[in-house]
Amino acid sequence: MRITVTVDGTSYTDDVEPRTLLVHHLRERVGKVGTVVGCDTSNCGACTVHLDGHSVKSCSVLAVQADGCEVTTIEGLARDGELHPVQKAFHENHALQCGFCTPGMIMQSIDLLADNPDPDEKAVREGLEGNLCRCTGYQNIVRAVRDAAHQMRPGAGPEAERLASDTASRVGAGGE
């Protein structure tokens, strides 16, 4: 069956077997090997990608179901050589050990933050409950997601940090 899928901004047209899973199509035909095959049963979440902007476990989606859709993989997140804020937060908060679950965790975290831009610890844990990590106790993963949420807030960034620092300096000096 002939399908056309846009993956990380590039359109791909291919003939696929109707039973081909999206994860295998992405890895074997498109070359997006950052999307890993974990369990092939949708239990672990390692293969999570975004399909038309929402996270899906690509081992539970047929490639033909993605026909005409846009898929974003872990490889498609960085812009102009800069990591996505969630990728950066995972790196800075040491939210990985072996790294096998990391692509799926990051993709699910982005979807979680789209739905809840300021999650507390419980909301992060619930939002990631379909993604398994066999190495960590999840604490650094939760910390990374909350850090990314802070960094992605409207107004967050170097300018907001400078203004907060200036205000703190004035308050500390008795200026306010």
Exercise for review: Find out how many positive minus negative residues lie around Lys88, taking Lys and Arg as positive, Asp and Glu as negative, among other residues whose Cβ is under 14 Å from that of Lys88.
Suggested key: -1
**Study point:** Between helix 139-152 and the chain: long-axis angle, C-alpha atoms, 0 to 90°, nearest 10
**Key:** 70
Practice item. Please give the per residue accessible area of the stretch 1-127, computed with a probe of 1.4 Å over protein heavy atoms only, in Å². Key: 50
Practice item. Rank Thr6, Gln108, Leu77 by how far each Cα sits towards the positive end of the charge dipole of the chain (+1 on Lys, Arg Cβ; -1 on Asp, Glu Cβ) and give me just the farthest. Key: Gln108
Check your understanding: Once fully extended, how much extra length lies between Cys39 and Asn116, figured as 0.36 nm per residue of separation less the alpha-carbon to alpha-carbon distance?
Key -> 24.9 nm
Revision key, fill the gap. Taking max minus min of the Cα coordinates of the chain on each principal axis, largest first, gives extents in Å of 71, 33, 24
Revision key, fill the gap. Filtered hits (aspartates and glutamates, Cα-Cα < 12 Å from Lys88, offset >= 8 within chain) -> Asp147
Practice item. Calculate, in nm to one decimal, what Thr10 and Ser60 gain on full extension: separation in residues at 0.36 nm each, minus their alpha carbon distance. Key: 15.7 nm
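The values are calculated or read from the model by the stated rules, or taken from the named source; none is laboratory data. Just so it is clear, the model here is predicted, and its values are computed rather than measured. FYI the Cβ positions are ideal-geometry reconstructions off the backbone, even for glycines, and counts take in every protein chain you see. Just the protein is used for accessible areas: all its heavy atoms, side chains included, with ligands, DNA and RNA removed. Shrake-Rupley method; radii C 1.70, N 1.55, O 1.52, S 1.80 Å.
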